[in-house]
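Input: a single structure, listed below in structure tokens.
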Amino acid sequence: MQQYLQNLKIERLNAMQEAMLEAYPQGKDVVLLSPTGSGKTLAYLLPLIKSLKEGVDGVQAVVLVPSRELALQTEGVFKQIGTSFKAMSCYGGRPAMDEHRTMKSLHPSVIIATPGRMNDHLRKQNFDARLVGTLVIDEFDKCLELGFQEEMDEVISQLPSLKKRVLLSATDADEIPQFVSLDSRPLKLDFLENNFSLNSRLNLQVVQSPQKDKLETLYNLLCTLGNASTLVFVNYRESVDRVVAYLKEKRFPCDAFHGGMEQIRRERALYKFRNGSCPVLVSTDLAARGLDISGVEHVIHYHLPINEEAFTHRNGRTARWEASGTAYLLLHSEETIPEYLSQEVETYTLPTSIPKPPKSKWATLYIGKGKRDKLNKIDIVGFLYKKGGLAREEVGQVDVKEHYAFVAVRRGKMKQLLTLIQGEKIKGIKTIIEEAK
């Protein structure tokens, strides 16, 4: 366990994670309730890994998640832990056949999947479901809310040897569905009230918009916040596109994120937001859960959330762990502060002189080859140093995917870099290398 923590660069577990580590082996099904940003993924992965048996050639545990982003993120945490066991993520938007080939070559002990894609593999008998003894449902309330009930029911019906079920959420569900087949009295760990106080680290402010259309007020607020990492939440996909179009027309660096976008566009937007080359991400509530984006300083509610639960999850993107953050509610004259906000909320007054849109220090480089082409971070960084003439401090985060890679590069060096590497091969491979737009 100490080696795992070193691999994760963590000195010690928090109280919730310690409680889960102690409760998990007791044999009972477990329901863990804990706020966003408190480390639930690690809380269940560590005891799950400890429960896996060496020498078993097959899938021992299935983790269901509501989105591809959470599947990828969980897989990343599993790999970072550095165990001898293998895990893989499965989700829609890419060929199931490719995933099946990976299963056969990787021999994963854990599969992390969206419910629909998991059913696809189970129906085709792409792995031996009889060996699966543990089922984890992460963000289980969201899975139900998104209408995944039938899909999850089908998954569970095809796992005949389940001995343990673990449910995780940042909000307490009124009722756990019958099909989940939990113990009559599951072990419930509730950390929603006592152990993690979000309110003490979250500063709530109201920004009044003179117009019913709040675009100009949003733009002025974002210019005031500058390069700070900011998530803007709206209620509809069309609104995401409209807000982003307006901000880009005003030359404000931002990107869109919603379920109607192609997977590569969503991944690109997230990567640019994470590495600082795009300080503002405009999203539906899809980004309110599961995404582990460190350093988000501000959350802006352009549209009021549909309920208190959504409000809690949105705000959970900032003030994570020990960090502090600010959430802004944009209100026009006909809107009022939601009733569930019993506390006094301060009004934030925009300055009379609005700064110009900021320019981010970083830009993102897209490379059209990835892990499948035997390309790794060392190859990419070496290429950028040697052929691109970049210094160490001019290269930021590097993220290598299966078929492509993203690299954060100092914005002031991007034009010169593209000129120097034009026509050059990376690791002997000819590929597209361009700025990610």
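The values are calculated or read from the model by the stated rules, or taken from the named source; none is laboratory data. Since the structure is predicted, the reported quantities are computational estimates derived from the model, not experimental observations. Here the Cβ is made from the backbone with ideal geometry for all residues, glycine too, and neighbour counts use every protein chain on show.
General remarks:
- In the range 428-437, the qualifying residues are those that are touching a Leu at 6+ places or on another chain (Cβ under 8 Å) and either among the aliphatic types (A, V, I, L, M) or under 20 Å from R392 (Cβ atoms) (or both), and the one that is surrounded by the fewest Cβ atoms within 10 Å (Cβ to Cβ) is I429.
- Residue count for the range 203-220, restricted to those that are outside any strand (DSSP E or B), of a type in the set (A, V, I, L, M) and more than 25 Å from the chain's Cα centre (by Cα): 1
- Within this structure, I337 fails the test of being modelled with pLDDT under 95, in a loop (DSSP other than H, G, I, E, B) and under 16 Å from S229 (Cβ atoms).
- If the condition is being loosely packed, with under 14 Cβ neighbours inside 10 Å and closer than 23 Å to V296 by Cβ, then the range 325-340 contributes only Y340.
- Residue match in the range 309-327 (condition: among the polar types (S, T, N, Q), out of contact with any Leu (no Cβ under 9 Å at 6 or more places or on another chain) and in contact (Cβ under 8 Å) with a residue 24 or more places away in the chain): no
- Unmet requirement for K430, which otherwise passes all of (1) within 25 Å of G76 (Cα to Cα); (2) free of Cβ contacts under 8 Å to residues at least 24 places away in the same chain: (1)
- Identity of the residue in the range 28-55, β-branched (V, I, T) and under 18 Å from V110 (Cα atoms), that ends up surrounded by the most Cβ atoms within 10 Å (Cβ to Cβ): T41
- Total residues in the range 198-244, condition aliphatic (A, V, I, L, M) and under 22 Å from S353 (Cβ atoms): 8
- Leading residue by the ranking (nearest to V166 (Cα to Cα)) among those in the range 14-27 that are of a type outside the set (A, V, I, L, M, F, W, C) and buried (at least 17 other Cβ atoms within 10 Å of the Cβ): Y24
- The single condition among (1) surrounded by fewer than 23 Cβ atoms within 10 Å (Cβ to Cβ); (2) of a type in the set (K, R); (3) modelled with pLDDT under 90 that R289 does not satisfy is (1).
- Scanning the range 69-89 for residues that are more than 20 Å from Q6 (Cβ to Cβ), among the hydrophobic types (A, V, I, L, M, F, W, C) and part of a helix (DSSP H, G or I) turns up L70, A71, L72.
- Residue match in the range 317-324 (condition: under 28 Å from the mean Cα position of the chain (by Cα), crowded, with 19+ Cβ neighbours inside 10 Å, part of a strand (DSSP E or B) and not basic (K, R)): no
A quick yes/no check of all residues on (1) modelled with pLDDT of 95 or more; (2) closer than 20 Å to L329 by Cα; (3) in contact with a His (Cβ under 8 Å, 6 or more places away or on another chain); (4) surrounded by fewer than 19 Cβ atoms within 10 Å (Cβ to Cβ):
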site	(1), (2), (3), (4)
L221	yes, yes, no, no
A228	no, yes, yes, yes
V234	yes, yes, yes, no
E249	yes, no, no, yes
G260	no, no, no, yes
F273	no, no, no, no
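- Subset of the range 275-296 (residues that are assigned to a helix (DSSP H, G or I) and under 10 Å from the mean Cα position of the chain (by Cα)): L286, A287, A288
- Near pairs, Cβ below 7 angstrom, 6+ apart or cross-chain, from the range 31-55 (over 10 Å from L21 (Cβ atoms)) to any residue that is outside any strand (DSSP E or B) and of a type in the set (D, E): L33/D172
- From the list V409, V400, the lone residue that is at pLDDT 95 or above and not basic (K, R) is V409.
- Test: residue in the range 38-45 that is part of a loop (DSSP other than H, G, I, E, B), of a type outside the set (D, E) and over 16 Å from the mean Cα position of the chain (by Cα): no
- Number of residues in the range 46-60 that are assigned to a loop (DSSP other than H, G, I, E, B) and of a type in the set (V, I, T) equals 2.
Quick grid of which residues meet (1) under 23 Å from L270 (Cα atoms); (2) surrounded by fewer than 21 Cβ atoms within 10 Å (Cβ to Cβ); (3) not aliphatic (A, V, I, L, M):
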position	(1), (2), (3)
D57	no, yes, yes
Q60	no, yes, yes
V63	yes, no, no
L72	yes, yes, no
G82	no, yes, yes
A87	yes, no, no
G92	yes, yes, yes
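- Residue check, L70 under 24 Å from S294 (Cα atoms), of a type outside the set (V, I, T) and touching a Gly at 6+ places or on another chain (Cβ under 6 Å): yes
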